[in-house]
Amino acid sequence: MSENNSNTKEAKTAYELIMAIVNKGSTDLVMNAARKAGGKGGTITTARGTGNPEEAKFYGIAIQPDKEIVFIVVTADVKDKVMKQIYDEAGLSKQGQGIILSLPILDAVGMNPFKEISDNNK
């Protein structure tokens, strides 16, 4: 496998996409937490969970099917801080009962910082 393969764990990106999946009505918790840790803004979309009812009984939590997803683009250097802040304020044990994950952003169109990075790497 090539060392330059973007699918390897070693691949570094300047930006990351944080996705916070939370109970409907909890997006303000997510965005307020993200801003405290260095996030600038986000995009919210609605979703519907399809959790297993047996798991809800096993873990002793009520699963709310109506969800919202907050997409936040952050610089890689603040990603961990933003994710931790969101989890602390809207995570599984909080009102939002959120699940937070991130993905590297390898390419983007329409965002000036990405263009600058691409131009500098040529």
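The values are calculated or read from the model by the stated rules, or taken from the named source; none is laboratory data. This structure is a prediction, so every number in the text was calculated from the model and none was measured. Positions of Cβ are backbone-derived with ideal geometry, glycine not excepted, and every protein chain shown enters the neighbour counts. Ligands, DNA and RNA are excluded from the accessible area calculation, which covers all protein heavy atoms including side chains. Shrake-Rupley method; radii C 1.70, N 1.55, O 1.52, S 1.80 Å.
Just give me the residues in the range 90-117 being at pLDDT 80 or above and over 20 Å from THR45 (Cβ atoms), in sequence order. Residues satisfying the conditions are PRO104, LEU106, ASP107. The set of residues from the range 93-106 being touching a residue at least 12 places away in the same chain (Cβ under 8 Å) and in a loop (DSSP other than H, G, I, E, B) comprises LYS94, GLN95, GLY96, GLN97, ILE105, LEU106. Just checking, does the range 29-36 include any residue being open to solvent by 70 Å² or more (accessible area, probe 1.4 Å), at pLDDT 80 or above, assigned to a helix (DSSP H, G or I) and in contact with a helix residue (DSSP H, G or I) (Cβ under 8 Å, 6 or more places away or on another chain)? Within the range 29-36, one or more residues are open to solvent by 70 Å² or more (accessible area, probe 1.4 Å), at pLDDT 80 or above, assigned to a helix (DSSP H, G or I) and in contact with a helix residue (DSSP H, G or I) (Cβ under 8 Å, 6 or more places away or on another chain). Of the residues making up the range 64-80, those that are surrounded by fewer than 21 Cβ atoms within 10 Å (Cβ to Cβ) and either touching a helix residue (DSSP H, G or I) at 6+ places or on another chain (Cβ under 9 Å) or within 15 Å of ILE44 (Cβ to Cβ) (or both) are ASP66, GLU68, ILE69, PHE71, VAL73, THR75.
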